[in-house]
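Chemist: Below is a structure I'd like to ask you about.
Every number here is computed from the coordinates shown, using simple stated rules; none is lab data. These numbers were taken from a predicted model, which means no experiment stands behind them. Here the Cβ positions follow ideal geometry from the backbone for every residue, glycine too, while neighbour counts run over all protein chains shown.
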Amino acid sequence: MRAAFIPILLVWFSVAGEICTHAQTQPPSEAPGVKVESGTQIIDGIAARIEDDILTESEVRELAAFQQLVDGNAKPRVEVIRELGDQWIIRGEANAAKFPRPSAETVEQAYEQFVKQFPSPQEFERRYRAAGLTEAGIRRMLQEQIYLSRFLDYRFRPAAQVDDKQVQAYYENEFAPQLKARGESVPPLEDVEDTIREVLIQRAINDRATKWLDQTRGQLKLDIKAQGDSR
């Protein structure tokens, strides 16, 4: 079964700054648990059909649970399914290109950094258990996230060109004003130029990836099933 994870465009390039805020301020809401009917636990089902493949209810639950862990809440089921569809598109391209998977060491480093965004390891464990996740599941989702993020970077970075004027404009219009608003000193441009350039490159990568997904999504058939309908 494919691993489910947060939408790639929203996470790997932005999660470092966002998780810290949410993880330390947002209490977990009720976990998106497994549906139970007449005393029988439904292990899995078909959430959607995409081309000749399927997206499962367990994938939807896992992604929703991870969103809950990061943001304190999960998106509606339909949105989660559509995000899984986008990830299906990216995964197919990455697999076709035989793009290499991240090493176990890389995944472990990402996991350690992820845990550090929470107030304590104990709080992290409490929250992921409340969300219905496991350590193994989180590692699996991070591995997939890194894989697809790196593929998008590989595919779109060559065309994501940033010139000096763009760097200067970002410094003057966004970077410096944000620091001043927080009462912090503004370093000279030459000290932060490389960082700003990378931020702008990542924006360009995201923009190009989003346009590509919009075009590709329109060519695919995604049939979302009502919850409990596995036909």
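Chemist: Taking the Cα centre of each part, how many Å lie between region 55-104 and region 179-208?
Modeler: 29
Chemist: With a 10 Å radius around each residue's Cβ, average the other Cβ atoms per peptide and rank 201-208, 143-150, 156-163, highest first.
Modeler: In decreasing order of mean packing, 201-208, 143-150, 156-163 become 143-150, 201-208, 156-163.
Chemist: Based on the mean of other beta carbon atoms within 10 Å per residue, what is the order of 181-187, 84-90, 220-226, most packed first?
Modeler: 84-90, 220-226, 181-187
Chemist: Follow-up. How much length would be gained if the chain were fully extended between Arg157 and Ala226, taking 0.36 nm per residue of separation minus their Cα-Cα distance, in nm to one decimal?
Modeler: This chain segment gains 21.0 nm when fully extended.
Chemist: Please order Phe66, Phe175 by the number of other Cβ within 10 Å, starting at the fewest.
Modeler: Phe175, Phe66
Chemist: Right, here's the next one. If the cut-off is a Cα-Cα distance under 24 Å, which lysines reach Lys98, setting aside same-chain residues fewer than 8 apart in sequence?
Modeler: In chain and number order, the partners are Lys211.
Chemist: Let's test the formula: R0 of 35 Å, r as the Cβ-Cβ distance of Glu174 and Arg217. What FRET efficiency results, to the nearest 0.05?
Modeler: Efficiency at R0 = 35 Å is approximately 0.70.
Chemist: Describe numerically, in nm with one decimal, the distance between label points set 7 Å from Cα along Cα→Cβ at Tyr111 and at Glu125.
Modeler: 1.4
Chemist: Please rank Asp214, Asp52, fewest neighbouring Cβ atoms within 10 Å first, as an exposure proxy.
Modeler: In order of increasing Cβ crowding within 10 Å: Asp52, Asp214.
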